[in-house]
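Down below is the structure, laid out as structure tokens.
Taken together, the values in this text are just the output of simple stated rules run on the coordinates, not laboratory data. Note that the structure is a prediction, hence the values are computed from the model and not measured. We place every Cβ from the backbone using ideal geometry, glycine too, and count neighbours over all the protein chains shown.
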Amino acid sequence: MRNYTILFSCFLAVLGFIFMSSSGGRANIFNEDRTGSPLASGQFCGQCHAGGNFSPIIEFVILDSAQNVIFEYEPGQTYSAMVLMSNGGGSTPSGFGFQASILQANNSMAGNFSNPGTGAQISTVNQVEYAEQTGPKANGIFEFEWTAPSAGTGTLTMYAAGNAVNGNGQSTGDASVKLTPTTLTEKTSIGIAETQEISLRIFPIPAKEEITLDLNQEVRNPQLSFIGLDGKVFEAPILTSSLQKGANQIQTGHLSSGVYFLKLQSDSGVQTQKFIKY
Ligand code: HEC
């Protein structure tokens, strides 16, 4: 009986160690911002996690109810948010971790995070909320929600960092990545008035073999290209002399995984929209 008690205590101790570990979130366990933000003095996961043969890619997007990536927020509006991590080369990692925040110009928290999905949690450090992993997640897709701050808050910055890990329970043999901070501007009434402009929506995000390009009007003489984050341009195959109002299917199977801008050039000007190829 005593042996069982000792065994059980050991088991609890190991369990406790696992839950106390950094794999359960840098903010949750160590009260640390490691998103690469000014609050972290630029530090991110790469401070400790390195040495692995992975090339992690991180993307942090805010989506409206139509699954459109937004760069302009409506004050008080609740959006879905996603941190997408994937591996761009080298060996296959066993999982991914991340930490993300959205800050005002004075580095205080902008809005609120809520509703973390599987594998994600919201932790608070010094009144700033962080979305982060609960443990290494194999598919690297982390979902939560974000409610934009009240009117007059102004331009915000999205920060995120993450890692591809080998699952050895240590910071060795992993590889880290830091998002280039992205700005979110506040929507003003001027932005809403532009009804005659071409507006394009892309879904699904992330996309695999093809994307649907949804247009609010017919577009004549379209020229479509995909631009990678590295600036590489890929022409998209366009078989018609016009794109129809509504849904148009565009093949994306030839693109390697990563973040792209779809650029639509036509008689009516240039529009770009960001999307993620998985
Ligand atoms: C100051 C050093 C340090 C920093 C910074 C750090 N970690 Fe860690 N991390 C560790 C250590 C040590 C471990 C292993 C022991 C543990 O889990 O506490 C670990 C473990 C992990 C694991 C499990 C790794 C595996 O291979 O099993 C994940 C996932 C993880 N951290 C995510 C992150 C993320 C995401 C960040 C950045 C937002 C980060 N860590 C920043 C030290 C750090």
Between Asn216 and Phe203, how many nm apart are label points set 7 Å from Cα along the C-beta direction?
1.6
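How big is the charge dipole of segment 199-276 about its Cα centre, in debye rounded to the nearest 20, if each Lys and Arg gets +1 on its Cβ and each Asp and Glu gets -1 on its Cβ? Could you put the intermediate results ahead of the total?
Values: 7 positive and 7 negative charges, 27 e Å.
Using only the charged Cβ atoms, the result is roughly 120 debye.
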Residue (of Gly76, Leu229, Ser86) at the positive-pole extreme of the chain, dipole from beta-carbon charges
Ser86
Report the number of Lys pairs in the chain whose alpha-carbons are under 27 Å apart, with separation of 8 or more residues or on distinct chains.
26
Over what distance in Å are the Cα centres of segment 114-158 and segment 41-102 separated?
10
Rg and Dmax in Å for segment 194-277, alpha carbons only: what are they?
12.0, 35
The ³J(HN,Hα) series, computed from each phi in segment 262-276 with the Karplus coefficients 6.51, -1.76 and 1.60 at θ = phi - 60°, rounded to the nearest Hz and given as x for glycine or proline, is 8, 10, 10, 10, 7, 4, 9, x, 10, 10, 10, 8, 7, 8, 10
Pop a pseudo-label 7 angstrom from the Cα along the beta-carbon direction at both Lys245 and Gln77 and give the gap in nm to one decimal.
2.3
Can you bin every Cα-Cα distance in the chain into 10 Å intervals starting at zero and give me the percent of pairs per bin, rounded to whole numbers?
6, 26, 30, 22, 10, 3, 1, 1, 0
Hey, if you put +1 on the Cβ of every Lys and Arg and -1 on every Asp and Glu Cβ in the chain, which of Gln265, Gly111, Thr180 ends up farthest toward the positive end of that dipole?
Thr180
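Nothing charged except the Cβ atoms of Lys and Arg (+1) and of Asp and Glu (-1): what's the magnitude of the dipole of the chain about its Cα centre? Round to the nearest 20 debye.
Details: 14 positive and 21 negative charges, 135 e Å.
So the dipole magnitude of the chain works out to roughly 640 debye.
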